Amino acid sequence: TQGAEYPEVAAVVGNLAALYLVIGSDTKVEPLLRRALAIREKTSGPEHPLVATTLHNLAILAAAQRNYPSAVSLLKRSLQIEERTIQNVFPFTTEPEKLRFIQSTSGNYMAYLSLLHQQGKDQQNLVRDGLELVLRRKGIVFDAQARVQEGLQGRMSESSRKEWERLSVLRGEYARLLLKRPEHMSTALHRERLNALQKDIEATEKTLAGQSALVAGELKQRNITVEVAAKAVPENGVLVEFVRIEDFDFSKGTRLPSARYLAFVLTSVGEVTLVDLGEATKLEKEMQGALDGIRMALNRRDVASITHSQQSLAGLYTSLWSPLAPAFGSADHIVLSPDGLLNLIPFSALRAPDGRFLLERYHLAYVASSRELVSRGDSLVPPTTELLLVANPAFDDTISGAANPDGALRSRDFGGTFSPLPGTAREANEIPPLVAGDGAKKQVMLGASATERVVKNVHSPRILHVATHGFFLG
């Protein structure tokens, strides 16, 4: 009957499948999920988020039945739908909505990486797919933030800007239709319109990429592959992409309360190795202990606390670096993209068994996401200054009580004032001579001159160095 193809029927069928799964009637689950999938594809279109959810459920069922190739295939298709949704819907949502969407779709992401860790870490094609997934997803919320899109638009030519505005209109219409079919629109017409919009979006993106290196760079980042990332890895270097994942029990089709850290190691010739660093709770306890030891050594500066800190850093070398080192070969340039608590670890200070710090053996660099490595060619803005160094701001009552026409937060807005941070004035004296280039193109701002306005008004310094407190609201 016609009623058998309504979206509400798919929801009921899906819930019934979940019930059968709970009570152990596995043989009845797959036919029901397949029926729900067919209804949702027909009524909502093959790119709808509900289709992705049903594909995810089918994938988890396949993994529980140890049909791992099918599970991988289903998860990949589900992830592709989610990524298409991100591309077209994100520009029209607020940042909290973006975060909520990423959190709501984390099941697919975590399930794929957990399945890769458990069943496919020795299969090079699956490991490469896993790295590409991480490359596309990590940092995606920031890339899609409105201020990034606005900054991109502001640097286009007039003709490109018009095409960009047209692209925004197309994406907006696609997003609205994808998330809710108008009552007056038939299922067939809804699906036809979505397909037509998607073709228009892709054609407009292609046109824009041909007109603007800025857009071409953005699209290149969005569609990043292992081959593209490998070309950005320094010669005689490797990229280490860390990722914190949740563990899955695929026999029961459920997430576990435990988590772990994985690391993808990519060489400049495109070889990828997956390294399991171990259970997250144990590693994070060790990392937190090392961070506490560093703080204690800096505060006390006595032999006992310094020795304890050095021992902690040596322990982290064994836990974090030793498992990775075999994949480095002779590489001495290491680009690190941390995740989780690893973002706070000073890798340069880790100590090898011979007593040397990593800083003495390797050239280390950090990126928030490996997407940052992808060259944007002509989209790079040439630096206007060699160095802007802002250090040791004057967090005293006079400055705090000054007029504040920009509405920027001041130290007293946090319920008090900040005291000067020891060492920041020294940085201002010792860093400029280390930076090559014309001295006239080096700006050093200290004390009352070190203001938020100064930082916001400078355009494209080659090096921006800010030496001050970091303070985070709850």
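If we scan region 40-53, do we find a residue that is free of Cβ contacts under 8 Å to residues at least 12 places away in the same chain and over 24 Å from Leu178 (Cα atoms)?
Scanning region 40-53 turns up no residue that is free of Cβ contacts under 8 Å to residues at least 12 places away in the same chain and over 24 Å from Leu178 (Cα atoms).
For region 462-474: of the residues being farther than 14 Å from Leu388 by Cβ and open to solvent by 100 Å² or more (accessible area, probe 1.4 Å), which is modelled with the highest pLDDT?
That would be Phe471.
Looking at (1) open to solvent by 20 Å² or more (accessible area, probe 1.4 Å); (2) touching a Ser or Thr at 6+ places or on another chain (Cβ under 9 Å); (3) modelled with pLDDT of 85 or more, which is the one condition that is false for Ala52?
(1)
Going through region 432-461 one residue at a time, which ones are surrounded by 10 or more Cβ atoms within 10 Å (Cβ to Cβ) and among the small types (Gly, Ala, Ser)?
Within region 432-461, Gly437, Gly439, Gly447, Ala448, Ser449, Ala450, Ser460 meet the criteria.
When you check Ser375 against the structure, is it of a type in the set (S, T, N, Q), at pLDDT 60 or above and open to solvent by 40 Å² or more (accessible area, probe 1.4 Å), yes or no?
no
Regarding region 416-425, can at least one residue be identified that is modelled with pLDDT under 60, open to solvent by less than 50 Å² (accessible area, probe 1.4 Å) and more than 17 Å from Ala467 (Cα to Cα)? Working first, answer last.
Our first condition is that a residue be modelled with pLDDT under 60; within region 416-425, this holds for none.
No, there is no match, as no residue in region 416-425 is modelled with pLDDT under 60, open to solvent by less than 50 Å² (accessible area, probe 1.4 Å) and more than 17 Å from Ala467 (Cα to Cα).
Residue-wise test of (1) among the small types (Gly, Ala, Ser); (2) open to solvent by 50 Å² or more (accessible area, probe 1.4 Å); (3) farther than 19 Å from Thr85 by Cβ; (4) at pLDDT below 80.
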{"position": "Leu152", "(1), (2), (3), (4)": "no, no, yes, yes"}
{"position": "Glu158", "(1), (2), (3), (4)": "no, yes, yes, yes"}
{"position": "Arg161", "(1), (2), (3), (4)": "no, yes, yes, yes"}
{"position": "Val169", "(1), (2), (3), (4)": "no, yes, no, no"}
{"position": "Leu178", "(1), (2), (3), (4)": "no, no, no, yes"}
{"position": "Lys199", "(1), (2), (3), (4)": "no, yes, no, no"}
{"position": "Thr204", "(1), (2), (3), (4)": "no, no, no, no"}
{"position": "Ala213", "(1), (2), (3), (4)": "yes, no, yes, yes"}
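Would you pick out the residues in region 233-244 that are open to solvent by 30 Å² or more (accessible area, probe 1.4 Å) and either more than 20 Å from Arg137 (Cβ to Cβ) or of a type in the set (Gly, Ala, Ser) (or both)? Please lay out each step first, then the result.
From region 233-244, those open to solvent by 30 Å² or more (accessible area, probe 1.4 Å) are 234-236, 244; that's our starting set.
Pro234, Glu235, Asn236, listed by residue number.
Examine region 88-106 for a residue that is within 25 Å of Pro182 (Cα to Cα), of a type in the set (A, V, I, L, M), at pLDDT 75 or above and open to solvent by 20 Å² or more (accessible area, probe 1.4 Å), and state whether such a residue exists.
no
The values are calculated or read from the model by the stated rules, or taken from the named source; none is laboratory data. Bear in mind that the values here come from a model prediction, so they are computed numbers and not experimental data. As a convention, Cβ positions derive from the backbone with ideal geometry for all residues, glycine included, and neighbour counts pool all protein chains shown. Note: accessible area is taken over every heavy atom of the protein model, side chains too, but ligands, DNA and RNA are not part of it. Shrake-Rupley method; radii C 1.70, N 1.55, O 1.52, S 1.80 Å.
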